[in-house]
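Here's the structure, in structure tokens; my notes come after.
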Amino acid sequence: MRPVATTRSTAGLPTGLLAVWWVVASEIVIFGGLLSSYIMYRLSHDAWAGQAANTNTWIGAFNTLVLLTSSLFAVLGHQAAEKGDGKKAARFLYYTIGGAATFVTVKALEWNMEISHGFTITASTFWSFYYTAAGIHALHVIAGAIIMAIVARDAAKGLELHRVELIGIYWHFVDIVWIFLFPLLYIAK
């Protein structure tokens, strides 16, 4: 018997899919406001270029590659789930989780290095924005990895394979946010 959430539909969409899109829409409001504030403040404060010069572009680029690769694994997991291969879908989701763990580990090492050089959240407004935006994003990466682990566990048993697509949508949103954060925090100096 299929759960009610997969059999009901609203506006022609399964309720689970609609719920994920509502979550993504609300997250767009959060990140959109934060990034809009950052851009407006940055445009009126030339000193930020000097402060942004202290971010490590290579670390940011590496983490971008990690997240994009993890998104590829999420897509491959979805393809496997569509074919009914739960074990393969789970394996790709675990690879995606590995990408999340790598991203967060690199981010922690990067922050440790920056903080040790005096670039703390209270050092300047730039660093406040930097740690807030990157920190909220990192929390989303961690949350996504936890949910993905639950989905992968069920997928490995051949259960709830439709959830692989749902967590994939969320994961792609997390990656898209980073695609905006990377140039704003690391490249625009």
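The values are calculated or read from the model by the stated rules, or taken from the named source; none is laboratory data. These numbers were taken from a predicted model, which means no experiment stands behind them. Virtual Cβ from ideal backbone geometry, glycine too; neighbours counted across all protein chains shown.
Here is the figure for segment 161-171: residues that are touching a Leu at 6+ places or on another chain (Cβ under 8 Å) and outside any helix (DSSP H, G or I) total 0.
Pairing residues of segment 16-33 that are farther than 9 Å from residue 166 by Cα with residues that are modelled with pLDDT of 85 or more, at Cβ distances under 7 Å and at least 6 apart in sequence or on separate chains, gives 23/170; 24/169; 24/170; 24/173; 27/173; 31/177.
Set side by side, the residues 89, 74, 81, 101 differ, and just one is touching an Asp or Glu at 6+ places or on another chain (Cβ under 8 Å) and within 30 Å of residue 158 (Cβ to Cβ), which is 81.
Select from segment 30-54 the residues that are more than 20 Å from residue 176 (Cα to Cα) and among the polar types (S, T, N, Q) and list them in ascending order. Outline the logic, then answer.
We begin by selecting, within segment 30-54, every residue more than 20 Å from residue 176 (Cα to Cα); these are 40-54.
Selection gives 44, 51, 54.
Pairs linking a residue in segment 69-80 that is in contact (Cβ under 8 Å) with a residue 24 or more places away in the chain to a residue that is among the hydroxyl-bearing types (Ser, Thr, Tyr) and surrounded by fewer than 21 Cβ atoms within 10 Å (Cβ to Cβ), with Cβ atoms under 6 Å and 6 or more positions apart or on different chains, are 73/95.
Inside segment 144-162, can you point out the residues that are exposed (fewer than 15 other Cβ atoms within 10 Å of the Cβ) and charged (D, E, K, R)? Correct list: 153, 157.
Looking across segment 141-160, not a single residue is assigned to a loop (DSSP other than H, G, I, E, B) and under 17 Å from the mean Cα position of the chain (by Cα). Of all residues in segment 1-38, exactly one satisfies the criterion of being loosely packed, with under 12 Cβ neighbours inside 10 Å, among the β-branched types (Val, Ile, Thr) and at pLDDT 80 or above, namely 29.
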